[in-house]
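*Asks:* I'd like to ask you about the structure that follows.
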Amino acid sequence: FEQDLLLKGIPEIKWMQHSYRDRFFADPFILNITNDEIKVVVEDFEYQRWKGSIALLSIDRKTLELKSRKIILELDTHLSFPFIFRRNEDELFIIPENSANGSLWAYQFETASETVKKVSILTDMPVIDPVIHYANGYYYLFGSLRDREENANLYAWRSSDPLKGYSLLSEHPVKTDISSARRGGGFFTTDDGLYSATQYCKNKYGEALNICKCTISPTGELSENIVSTLKAHPQFPYGLHTLNIHQGLCVVDGLKYLFNPVGKIRGMIRKYLR
């Protein structure tokens, strides 16, 4: 992508090609890029179980065809939004949303085996769409909270350690705005400052993305000004709700609906039997 086009809201999108129809992939974060391959960590949502896990996708960089898929984290509760924290080039941590379990944990990614291990708890609060950014000598954790108008309210935590000990700055949201409070990806920097991707949810969850220029004050106050809005792509016309950038490459997800009456009936039967 061209950065200038992204900030103007008119990037060219090329979609990954895959043959799966029993699941969807969402909330992509780029793990690594080579000349031949792109590795992305995603929410892997299986329709039959109606639950998400965290998967590692290997994508051919030239054809954008999905080469392999590997589940790297599976729990009893739903997982999504696998934010990647890089302590350095050799230490990668995945911090997935697990608000259904009521807490937020970090998992270290082992590159050689492509596995994860649980290392620490960041907070015992049900954080949704967590992102971390270092500023003013502290690590700031931003995210929504389960059952607290998560599409409209943004909360902030702070710690001197990126992987533990986060304290909620205030019981009040640091931002209340249905059009740009909920996180749509991690922070990223350009030559002219710090930017964030946020979700536009005025009509429905995840309908579009905002690119915001932002600052974080020494007291943890977040100021964001929308510079562009990325609307849903014609190929996936019902939503665009996650954007992340790494090594000059941008990844997004899109939403469309598949007609699957058998799966819908199965889901209704399972719900009834419970």
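The values are calculated or read from the model by the stated rules, or taken from the named source; none is laboratory data. Because the structure is predicted, anything quoted here is derived from the model rather than measured. Heads up, the Cβs are rebuilt from the backbone with ideal geometry, glycines too, and the neighbour counts pull from every protein chain shown. To get the accessible areas, we keep the full protein, side chains included, count just its heavy atoms, and leave off ligands, DNA and RNA. Shrake-Rupley method; radii C 1.70, N 1.55, O 1.52, S 1.80 Å.
*Asks:* Between exposed GluC sites (Glu not before Pro) in the chain, where DSSP calls loop and at most 16 other Cβ atoms lie within 10 Å, what's the longest gap?
*Replies:* In the chain, the maximal stretch lacking such sites is 13-73.
*Asks:* Sort out for me the Cα centre separation of region 208-222 from region 109-178, rounded to whole Å.
*Replies:* Taking the Cα centre of each part, region 208-222 and region 109-178 sit 15 Å apart.
*Asks:* Can you give the FRET efficiency for residue 225 and residue 64, using 1/(1 + (r/R0)^6), R0 = 35 Å, r = Cβ-Cβ distance, to the nearest 0.05?
*Replies:* Details: r = 33 Å, r/R0 = 0.94.
The calculated FRET efficiency here is 0.60.
*Asks:* How about region 185-247: which trypsin sites (Lys or Arg not before Pro) there lie in a loop by DSSP and see at most 15 other Cβ atoms within 10 Å?
*Replies:* Answer in residue order: 202, 204.
*Asks:* Further, regarding this structure: Carbon and sulfur atoms: what percent of the 1.4 Å accessible area of the chain do they account for?
*Replies:* Using a 1.4 Å probe with all protein chains present, the chain comes out at 49 percent carbon and sulfur.
*Asks:* What size of dipole, in debye to the nearest 20, comes out for the chain about its Cα centre when the only charges are +1 on Lys and Arg C-beta atoms and -1 on Asp and Glu C-beta atoms? Before the final figure, lay out the partial values.
*Replies:* Working: 33 positive and 34 negative charges, 220 e Å.
Charge dipole, the chain, about its Cα centre: 1060 debye, nearest 20.
*Asks:* Next up: Could you pull the Cα extents of the chain along its three principal axes, largest to smallest, in whole Å?
*Replies:* In descending order, the Cα extents are 53, 44, 43 Å.
*Asks:* Mind checking the per residue accessible area of the chain for me, 1.4 Å probe, whole number of Å²?
*Replies:* That works out to 51 Å² for each residue.
*Asks:* While we're on this one: In whole Å, what are the extents of region 1-159 along the principal axes defined by its C-alpha atoms, from largest to smallest?
*Replies:* 41, 41, 34
*Asks:* Could I ask something else about it? Rounded if a/c is under 1.5, else prolate if a/b is larger than b/c, else oblate: which is region 149-222, with a ≥ b ≥ c the root eigenvalues of its Cα gyration tensor?
*Replies:* Details: a/c = 2.01, a/b = 1.25, b/c = 1.61.
In terms of gyration-tensor shape, oblate.
*Asks:* Assuming a ≥ b ≥ c are the square roots of the Cα gyration tensor eigenvalues, decide whether region 116-266 counts as rounded (a/c under 1.5), prolate (otherwise, with a/b larger than b/c) or oblate.
*Replies:* Note, shape of region 116-266 comes out prolate.
*Asks:* Filter the cross-link list 62/256; 14/213; 14/62; 39/70 down to pairs whose alpha-carbon distance in this structure exceeds 20 Å.
*Replies:* Values: 62/256 24 Å; 14/213 25 Å; 14/62 11 Å; 39/70 11 Å.
Where the Cα-Cα span goes over 20 Å, the pairs concerned are 62/256; 14/213.
*Asks:* Just check region 62-123 against the gyration tensor rule for me: Cα atoms, a ≥ b ≥ c as the square roots of the eigenvalues, rounded for a/c under 1.5, and otherwise prolate or oblate depending on whether a/b exceeds b/c.
*Replies:* Numbers: a/c = 2.04, a/b = 1.34, b/c = 1.52.
Because a/c hits 1.5 or more and a/b fails to exceed b/c, region 62-123 counts as oblate.
*Asks:* Please compute the Kirkwood hydrodynamic radius of region 1-71 from all pairs of different C-alpha atoms, in Å with one decimal.
*Replies:* Working: mean 1/r = 0.0752 Å⁻¹.
Final number for the Kirkwood radius of region 1-71 is 13.3 Å.
*Asks:* Further question: Give me the number: length gained by fully extending residue 77 to residue 121, i.e. 0.36 nm times residue separation minus the C-alpha to C-alpha distance, one decimal in nm.
*Replies:* Net length gain for the segment: 14.2 nm.
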